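Have a look at the structure below before the remarks.
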Amino acid sequence: MTNELFTIRDARPDDKAVLDGFANLEGMDAIPSIEGVRVAVNEDDEVVGFVRIALADDGTAFVNPVITHETWRGFGVGRALMEEALERHGELRLVSRGGSLPFYEALGYERIGWDLIEMSLVDDCDHCEMREECGPVPVRKVRGA
């Protein structure tokens with residue numbers, strides 16, 4: 001996918017350190033691998049955001065995580081990454097955390113029950129010390145819905 005400001009491509013091994021740095025800035029652990037990762041890059045091929053898709057055994061796609069570098073927020077990077085992932089997979093599920101729920105709702109995601117979340121593919125919210133302040137909400141979107 002191409003935009004005037006950025007392009008989306010598969011992550012490459014030399015992107016991993018930058019992706020881990022983005023995750024760290026958001027208080028997350030390093031991503032386990034670049035498998036399922038698509039990145040948005042600027043005209044200099046510098047990563048400005050990424051989305052990681054993990055697949056459940058039944059093929060359902062889970063977003064964990066989507067991150068846009070703070071200097072690139074507001075330029076449509078996160079939206080483009082999510083739209084491209086939805087096009088590729090047909091349905092996306094995730095657990096919205098912190099203040100991200102309005103972003104997902106603006107993209108048309110709807111709240112779902114925890115029974116539709118593959119807990120092996122998302123961080124365990126039940127035992128998290130920060131659950132109350134994080135406010136996890138499971139959501140999904142189906143292409144065309």
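The values are calculated or read from the model by the stated rules, or taken from the named source; none is laboratory data. Fair warning: this is a prediction, and the values are worked out from it, not measured in the lab. Methodologically, a virtual Cβ is constructed for each residue, glycine included, from the backbone with ideal geometry; neighbour enumeration extends over all protein chains shown. The accessibility values were calculated without ligands, DNA or RNA, using every heavy atom of the protein model including side chains. Shrake-Rupley method; radii C 1.70, N 1.55, O 1.52, S 1.80 Å.
Looking at residue 97, is it free of Cβ contacts under 8 Å to residues at least 60 places away in the same chain, loosely packed, with under 15 Cβ neighbours inside 10 Å and of a type in the set (Lys, Arg)? No; evaluated as a whole, the condition is false for this residue.
The residue that is least open to solvent (accessible area, probe 1.4 Å), among those in region 106-117 that are at pLDDT 95 or above and charged (D, E, K, R), is 110. Taking each residue of region 2-26 that is on the phi > 0 side of the Ramachandran plot and looking for partners that are part of a loop (DSSP other than H, G, I, E, B) and not small (Gly, Ala, Ser) with beta-carbon atoms closer than 6 Å, six or more apart or interchain, yields nothing.
Looking at region 1-62, the strands (runs of 3 or more DSSP E) lying wholly inside it that each contain 1 or more residues that are open to solvent by 50 Å² or more (accessible area, probe 1.4 Å) and in contact with a His (Cβ under 9 Å, 6 or more places away or on another chain) sit at 47-55. Applying the condition of being open to solvent by less than 90 Å² (accessible area, probe 1.4 Å) and over 26 Å from residue 83 (Cα atoms) to region 126-145 and asking which residue is modelled with the highest pLDDT yields 128.
Screening region 90-109 for residues that are over 15 Å from residue 143 (Cβ atoms) and of a type in the set (D, E, K, R) and picking the one that is farthest from the chain's Cα centre (by Cα) gives 105. Taken over region 69-82, the criterion of being open to solvent by 70 Å² or more (accessible area, probe 1.4 Å) and touching a residue at least 60 places away in the same chain (Cβ under 8 Å) is satisfied by 75 alone.
So that you can scan it fast, the table gives a plain yes or no per residue for (1) in contact with a Leu (Cβ under 6 Å, 6 or more places away or on another chain); (2) within 22 Å of residue 137 (Cα to Cα):
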site	(1), (2)
5	no, no
12	no, no
17	no, no
42	no, no
52	no, yes
71	no, no
75	yes, no
81	no, yes
88	no, no
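For region 12-56, the tally of residues that are in contact with a helix residue (DSSP H, G or I) (Cβ under 7 Å, 6 or more places away or on another chain), charged (D, E, K, R) and at pLDDT below 95 stands at 1.
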